[in-house]
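Visitor: One structure coming up, written as structure tokens, with questions to follow.
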Amino acid sequence: MLPRRPGSGSSSYGDSAFLGVINIITKKGRDIDGVQVGTEFGSHGWKRERVTLGKQFDNGLDLVLSASGMKSDGRRLPSGFVDDGSDLGKAENDRNQRYFIKALYHGWTIESGRSERVAPMSDQHLTDTNSFATLRYDNELSDTFKSSTNLYYGSYRYANQKPDGSFTHSGGSWRGIDSKLVSTWFDGHTLVL
């Protein structure tokens, strides 16, 4: 589900939500209730596969595990494809892997994911890695009042290795904690502290 919250009224999502928020809500285990397997094929050796397990257990634990991968042999770009006339070799020669876990249990939620893309080319070898982890506790204090505390971490890494052995890399990481109290005391209004 992808609900959009326009305007500064979306301030409950942080002080940087000036124009609005697109809130990606992932499925819960009870929504999947079993195992899903999928595969797709395309030209130039393109292939994508995914397996997802989701279940809500009798003790209240709701669990989602997912793994997916994609590969493409790419296509050969002709000389002169770029203005300088250089031969780019194969383009769109990518491989990627993604992993995701989400567990909910009595107000606690943990989510973690990792994605890695590798793109070997004739003149360089690119690697992108993105990962995140979130631990959240939601507590219903009354029918109209709840609290939510969220501890999070994320990182991104980019690496580029040239045939001569030279290596460039960049990236960053972020971490934080936020806590909020949410009240719906007034009809049609939400108060966030």
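Visitor: Can you send over the carbon and sulfur percentage of the accessible area for the stretch 24-70, probe radius 1.4 Å, protein chains only?
Guide: Working: 1700 of 3100 Å².
After summing per-atom areas, the C and S share lands at 55 percent.
Visitor: Stretched out fully, how many nm does the piece from S166 to L181 gain, at 0.36 nm a residue minus the Cα gap? Please list the in-between numbers first.
Guide: Numbers: separation 15, 0.36 × 15 = 5.40 nm, distance 5.06 nm.
The span from S166 to L181 would gain 0.3 nm if fully extended.
Visitor: Return one whole number: the accessible area per residue of the stretch 106-193 in Å², for a 1.4 Å probe.
Guide: 67 Å²
Visitor: For the stretch 159-174, just list the computed ³J(HN,Hα) in residue order, Karplus coefficients 6.51, -1.76 and 1.60, θ = phi - 60°, integers in Hz, with x standing in for Gly and Pro.
Guide: 9, 9, 10, 8, x, 6, x, 5, 9, 10, 8, 7, x, x, 9, 9
Visitor: Going by average Cβ neighbours within 10 Å, how do the peptides 136-149, 96-109, 178-191 rank, with the highest at the top?
Guide: Values: 136-149: 12.9, 96-109: 15.4, 178-191: 11.2.
Descending packing order for the listed peptides: 96-109, 136-149, 178-191.
Visitor: Among the listed pairs K102/K162; K71/K102; K71/K180; K47/K162; K47/K180, give every one whose C-alpha distance is greater than 32 Å.
Guide: Working: K102/K162 37 Å; K71/K102 25 Å; K71/K180 42 Å; K47/K162 27 Å; K47/K180 43 Å.
Over 32 Å Cα-Cα: K102/K162; K71/K180; K47/K180.
The values are calculated or read from the model by the stated rules, or taken from the named source; none is laboratory data. Bear in mind the structure is a predicted one, so any value in this text is a computation, not a measurement. Positions of Cβ are generated from backbone atoms using ideal geometry, with glycine treated the same way; all protein chains shown enter the neighbour counts. Only protein heavy atoms, including side chains, enter the accessible area calculation; ligands, DNA and RNA are left aside. Shrake-Rupley method; radii C 1.70, N 1.55, O 1.52, S 1.80 Å.
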